[in-house]
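The values are calculated or read from the model by the stated rules, or taken from the named source; none is laboratory data. Source: prediction; values computed, not measured. So basically every Cβ, Gly included, is an ideal-geometry build from the backbone, and we count neighbours across all protein chains shown. Heads up: the accessible areas ignore ligands, DNA and RNA and are worked out on the full protein's heavy atoms, side chains in. Shrake-Rupley method; radii C 1.70, N 1.55, O 1.52, S 1.80 Å.
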Amino acid sequence: MKRWIGAASVALLAFAAMPAQAADKVVLMLNWYVYGEHAPFYYGKAKGIYAAEGIDLEIQEGRGSAATTQAVAAKTADFGYVDVPTMMRAAIKGAPVVATGVLLQTSPMSAMGFVDKNIRKPEDIKGKTVAITPADSMTQIWPLFLKKTGLKESDFQTVAGDGQTKLNAVINGQADLLLGYVMDQSMKIKDATGKDVYPIKFADYGINMVSSGIIANADYVKANADLVRRFMSATTKAVEAAEKEPKVAAQSILDANPKGGKIDTLTQGFELTIPLYRTAETKTKRPFQVTDQNMTETVNLLVEYGGLDAKAKDNPKAFYTNDYLPKSGS
């Protein structure tokens, strides 16, 4: 009997000495250099939300949604946070990528200018100069905004340039407005000038399109279904928790990356992002629970205005799945 107890004790001691199961290393690549919209990911990592799901998260900055989509397709990043319409254009051409959760279900696209210019509605754009970046997502949808609001190209002037040139045009007074995202370019202008801008939101004029979401390689998803579920569970919880304390969430960006911006504009940028998480149909649902109708409308608009191949309309559900999201209350 003594020998049996001794053997059991040795076995228990050996078991206790075994290392805990290692967390799964996961790389999330962002759509761009860090800004307020990204706060939930940094917050979730800082608060141990990903660790609680057995995930060791590495967050990498990106250089555009197209580049991040390519990285995910090539499996050099496990997940990407990208503009979902950009992902769709790659997927229809054969890239093996799928959205595992659509976070921004209301479009952040807008035409924005300094508050003191008093440009508050489409009619106010007449006679003004608008800065655009040719072929970017906003410029592709711009003709639909004009159609919805009764504006004509002849009602205003345009100046064209890359993203920084567009910002500089407004900052330096060469343009009255630019096409930009409510939580991104507006904060860059405020960081540079200290002045607020006013966005005329495309979504307020019937342009219902999704924007940013989480994507993964389709083969990776099939091979790592449990990990994908845990990642989407952690990310959902991170978003929900970050919504409740935006400034703390924004500070988590600076804690991880001291050169990541200014706390005031990071906070404001994140606060401007939160209303984009849901539509009237998903206002009572947890983040990422996009509707089939929203995705179908997005595909239809992209086919008509955004250069998406018409065959995308045959099966809009091929671009996304809600199967890996946590259920309500879980």
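General remarks:
- Per-peptide average of other Cβ atoms within 10 Å, ordering 258-264, 183-189, 55-61 highest first: 183-189, 55-61, 258-264
- Largest GNM mean-square fluctuation across Gln251, Gln268, Gln21, computed for the chain with C-alpha springs under 10 Å, falls on Gln21.
- Separation of the Thr158 and Ala51 label points, Cα + 7 Å toward Cβ, nm: 5.0 nm
- Relative to the current alpha-carbon distance between Glu123 and Thr193, full extension at 0.36 nm per residue lengthens the span by 22.6 nm.
- Relative contact order of the range 111-188, pairs being alpha-carbon contacts under 8 Å that are 6 or more residues apart, as %: 46 percent
- Note on Ala22 and Gln293: their simple-model spin labels are 4.8 nm apart, each label 7 Å out from Cα toward Cβ.
- Over the chain: helical MRE at 222 nm, DSSP H runs n ≥ 4 each giving -39500 (n - 2.57), nearest 500: -12500 deg cm²/dmol
- When you restrict to C-alpha pairs under 8 Å that are six or more residues apart and normalise by the size of the chain, the relative contact order lands at 27 percent.
- A straight Cα-to-Cα reach below 19 Å connects Lys117 with the lysines Lys126, Lys128, Lys166, Lys188, Lys190, Lys195, Lys201, residues fewer than 8 places away in its own chain not being considered.
- Percent accessible area from carbon and sulfur atoms, the chain, protein chains only, probe 1.4 Å: 52 percent
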